[in-house]
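Engineer: Let me give you the structure first, and then I'll get to my questions.
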Amino acid sequence: MKEIFIATSNLHKVEEFKEMLQPLGYNVKSLRDLDETIEIIEDGATFEENAYKKAKSVYDVLNVDVISDDSGLCVNAMDGAPGVYSARFMGEDTAYDIKNQAIIDQVQNADDKGAQFVCVISHVKADGSHKEYRGEVHGEINDRMLGSNGFGYDPIFYYPPFATTLANVEPDKKNTVSHRGLALAKLLEDLQ
Ligand code: ITT
């Protein structure tokens, strides 16, 4: 069985990668499967930089093929925020109900309610070379939280072709259109 190591400790991301990769015969491992802690400093200004920093930090310790995921929500009416700070927005430990409501409040009266989820996957190969893959999904900030699937900002991300939020559809449906699904599809195309 083929193995893919993902340099993330976010269990929701691991779940989504598993849902997409296991049917293709991949065994998915992540930082959650290691006994050791690998320090990752995410101080880049872009998704590309941070994704590469994550994969490279893990590659430097394990010396195997590694992929990573740096992702976030970019809200037009907030000048692209929270963007690369999506996990840390209002504090890493603040509940998403509170973060999501704060975004709704800021966008509610804006003319432009547009937002994008962005995901950059960095693939560092065993020989040290690397390549980045970007996926984006475009939608709008909903006027209330809706749905209990997914994670993070999914309950406020209204996706027009589904006529509902990404938290209000089945996981495999989200994966077919999501930023993560699109970035992964580009990576897989390269791997084949
Ligand atoms: P790792 O660095 O360990 O991968 P993290 O959660 O800190 O985990 P990021 O720095 O990439 O990862 O932050 C991504 C944040 O963006 C995530 O915590 C969510 O708040 C948000 N996000 C990303 N993808 C999302 C999705 O599919 N649905 C909802 N929110 C998402």
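The numbers here are math on the coordinates, done by the rules we state, and not lab data. For clarity, every value in this text was computed on a predicted model and none was experimentally measured. Glycine gets a Cβ as well: all are built from the backbone with ideal geometry, and neighbour counts include every protein chain shown.
Engineer: Taking just the C-alpha trace of segment 1-93, give me its Rg and Dmax in Å.
Structural biologist: Calculated on Cα positions, Rg and Dmax stand at 14.3, 45 Å.
Engineer: When the chain is modelled as a GNM with alpha-carbon springs shorter than 10 Å, which of TYR96, TYR158, TYR52 fluctuates the most?
Structural biologist: TYR96
Engineer: At 222 nm, what helix-only mean residue ellipticity would the chain give, in deg cm²/dmol to the nearest 500, using -39500 (n - 2.57) for each DSSP H run of four or more?
Structural biologist: Calculated at 222 nm, the ellipticity per residue is -9500 deg cm²/dmol.
Engineer: Give me the number: length gained by fully extending ASP35 to LEU146, i.e. 0.36 nm times residue separation minus the C-alpha to C-alpha distance, one decimal in nm.
Structural biologist: Net length gain for the segment: 36.3 nm.
Engineer: Past 18 Å, Cα to Cα: identify those pairs from LYS13/LYS173; LYS2/LYS54; LYS131/LYS186; LYS2/LYS53, in the order given.
Structural biologist: Over 18 Å apart, Cα to Cα: LYS2/LYS54; LYS2/LYS53.
Engineer: Over all directions, the average projected area of the alpha-carbon convex hull for the chain comes to how many nm²?
Structural biologist: Here the figure is 10.7 nm², rounded to one decimal.
Engineer: Shifting gears a bit: What is the magnitude of the charge dipole of the chain about its Cα centre, with +1 placed on the Cβ of each Lys and Arg, -1 on the Cβ of each Asp and Glu, and no other charges, expressed in debye to the nearest 20?
Structural biologist: 360 debye
Engineer: Taking the chain as a Gaussian network, where each spring joins two C-alpha atoms under 10 Å apart, which residue of TYR153, TYR59, TYR26 fluctuates the most?
Structural biologist: Maximum among the listed residues: TYR26.
Engineer: In degrees between 0 and 90, to the nearest 10, how far off the longest principal axis of the chain does helix 96-107 point, with axes built from Cα atoms?
Structural biologist: On a 0 to 90 degree scale, this one is about 50.
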